[in-house]
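> First the structure, which I've put down as structure tokens, then a few questions once you've had a look.
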Amino acid sequence: MLSEQPYRLSLYLLLLGWLPAPVLLPASVACAGDLWTLQVQVKNRRVTGAPLNLKGKTCYVLRRDGQLAKFATADATDFKKIDNGFRAFDYATMRGELMSEFGNAFDVSGAGQYLVVHPAGERDKWASRFAALYRSFMYYFGQRGFTPSKPAFPLVAVVFRDRQQFVQHSLRQGNAVSSNTLGYYSPMTNRIMMYDMTAGDASKESRWQATAETIIHEAAHQTAFNTGIHGRFAEQPRWLVEGLGTLFEAPGVWDARNHPAQSDRVNAYRRQAFRKYADNWKKGTLAAVVSVDRLFQQNSDAAYAIAWATTFYLSETSPRRYTSYLKTVASRPVLKNYPAPRRLADFQQAFGEDLNLLEARMLRYMSKIE
Ligand SMILES: [Zn+2]
């Protein structure tokens, strides 16, 4: 099934060294051309959108704003097909919807593919940053022979004024955020939710750094899930999603044009974390990580470090195979599980049968990376 929980980075210390900065992430839509529009009554609310499934106990409907509605099929009445096709909201409509949802305390600023909801009266420093990251993301993949598709929906990010506002809003949405969560991307809402760690005080430059890092990680997730690099409605291996998110944290990846050296693409924090685990490496860890997501629950610091190292190694040494593997995984069937044996087989198909050999090569390569 798809990941309904936001993709969340657990605690990680920024390069500045003191500020815990968790980050989260997401899922994307492969908006097929054969979608049609349904209207249905679910208890006291009306749901309009493209059904992703109509069989089974739970129904998922893709709304025109890009959010997913989920409800028990038994609670739904009065099914009506209201359109043979499906159209996402355009920017003007989406902007109006966001303004009425968030009210006068917020402004909605747009740039490029983005609409950013942020505290009213604040100089618009947000939308242009998100839009620039989006362009960098496209550039990075374009350089590797992968042309991402244009997002089907405007990309929405919500920046709350402070942590309290962020936590309260997340709770109302059913997302309990842990004390070290700085932001997240949710596959269900298709939105980034975060807060301004400077709380509007530009003099808190070190906190701006943390805010910027959160934006980069989450924007990478959101862009990947909205441009076909990941499949938003298909189960995606966690290591692949977080590997890409952490890959983009390095300046040589999120700003490749200005930082072309390989050393700029190394995520220094992740490399340091990875070395700790590499010193006591258990043979077979690579096969385990690419097959199941368990390590993310058991030891998230190790999981993120290994996800980053694996992604860095594969994208540096076999970029074509890596992008081809991304395509295979993104095209997994909608709303279906991705069982471990299938994950393993797809990985071996892309990178070779002998994972012990691949693992040994990766460890050697990573030990030399400066
Ligand atoms: Zn993440």
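The values are calculated or read from the model by the stated rules, or taken from the named source; none is laboratory data. Predicted model only: the values in this text are computed from it and were never measured. So basically every Cβ, Gly included, is an ideal-geometry build from the backbone, and we count neighbours across all protein chains shown. Heads up: the accessible areas ignore ligands, DNA and RNA and are worked out on the full protein's heavy atoms, side chains in. Shrake-Rupley method; radii C 1.70, N 1.55, O 1.52, S 1.80 Å.
> To the nearest Å, what is the center-to-center distance of the range 32-107 and the range 302-370, using C-alpha atoms only?
Centre-to-centre (Cα) distance: 35 Å.
> Here is a follow-up. In nm, give the distance between the simple-model label positions of Glu101 and Ala212, each being 7 Å from the Cα along the Cα-to-Cβ direction.
Computed distance between label sites Glu101 and Ala212 equals 2.9 nm.
> Also, I was wondering about something else. Suppose accessible area is computed on protein heavy atoms with a 1.4 Å probe; arrange Met188, Met99 from highest to lowest.
Heavy-atom accessible area, descending, gives Met99, Met188.
> Further question on the same structure: So which of Lys57/Lys336; Lys55/Lys150; Lys282/Lys336 end up more than 26 Å apart by C-alpha?
Flagged as over cut-off: Lys55/Lys150; Lys282/Lys336.
> Would you kindly state how much longer the chain becomes between Gln39 and Gln298 on full extension, computed as 0.36 nm times their sequence separation minus their alpha carbon distance, in nm to one decimal?
Length gained between Gln39 and Gln298: 89.1 nm.
> Something else about it: What's the magnitude of the charge dipole for the chain around its Cα centre, counting Lys and Arg as +1 and Asp and Glu as -1 at the beta-carbon? Answer in Debye, nearest 20.
With Lys and Arg at +1 and Asp and Glu at -1, about 720 debye.
> Assign unit charges at the C-beta atoms only (+1 for Lys and Arg, -1 for Asp and Glu), then state the dipole size of the range 21-167 relative to its Cα centre in Debye, rounded to the nearest 20.
300 debye
> Calculate what fraction, in whole %, of the accessible area of the chain sits on carbon and sulfur atoms when a 1.4 Å probe is rolled over the protein chains.
Here carbon and sulfur together make up 49 percent of the probe-accessible area.
> Now for a different question. Taking the Cα centre of the range 304-370 as the origin and placing charges on Cβ (Lys, Arg +1; Asp, Glu -1), which of Ala309, Tyr325, Tyr365 is farthest toward the positive end of the dipole?
Value: Tyr325.
> Still on this structure, I have one more. Would you tell me the accessible area of Trp208, worked out with a 1.4 angstrom probe on the heavy atoms of the protein chains, in Å² to the nearest 10?
30 Å²
> Output the Kirkwood hydrodynamic radius of the range 179-228, Cα pairs only, in Å rounded to one decimal.
11.6 Å
> Can you tell which of Thr285, Asn226, Asn267 lies farthest toward the positive end of the dipole of the range 212-370, using +1 and -1 charges on the Cβ of basic and acidic side chains (Lys, Arg; Asp, Glu)?
Thr285
> Is the chain rounded, prolate or oblate when judged by the Cα gyration tensor, a ≥ b ≥ c being the square roots of its eigenvalues, rounded requiring a/c under 1.5 and prolate requiring a/b larger than b/c?
Since a/c reaches 1.5 but b/c is at least a/b, the shape of the chain is classed as oblate.
> OK, next. Identify the GluC sites (Glu not before Pro) of the range 89-124 meeting these criteria: DSSP loop state and at most 15 other C-beta atoms within 10 Å of the C-beta.
The qualifying sites are Glu122.
> Rounded, prolate or oblate for the range 136-256? Axes are the square roots of the Cα gyration tensor eigenvalues, ordered a ≥ b ≥ c, and the cut-off for rounded is a/c under 1.5.
Oblate, since a/c reaches 1.5 and b/c is not below a/b.
> What whole-number value in Å² describes the accessible area per residue of the chain for a 1.4 Å probe?
With all protein chains present, the chain gives 43 Å² per residue.
> Continuing with the same structure: If the chain between Lys81 and Asn337 were fully stretched, how many nm would it gain, using 0.36 nm times the residue separation less the Cα-Cα distance?
89.3 nm
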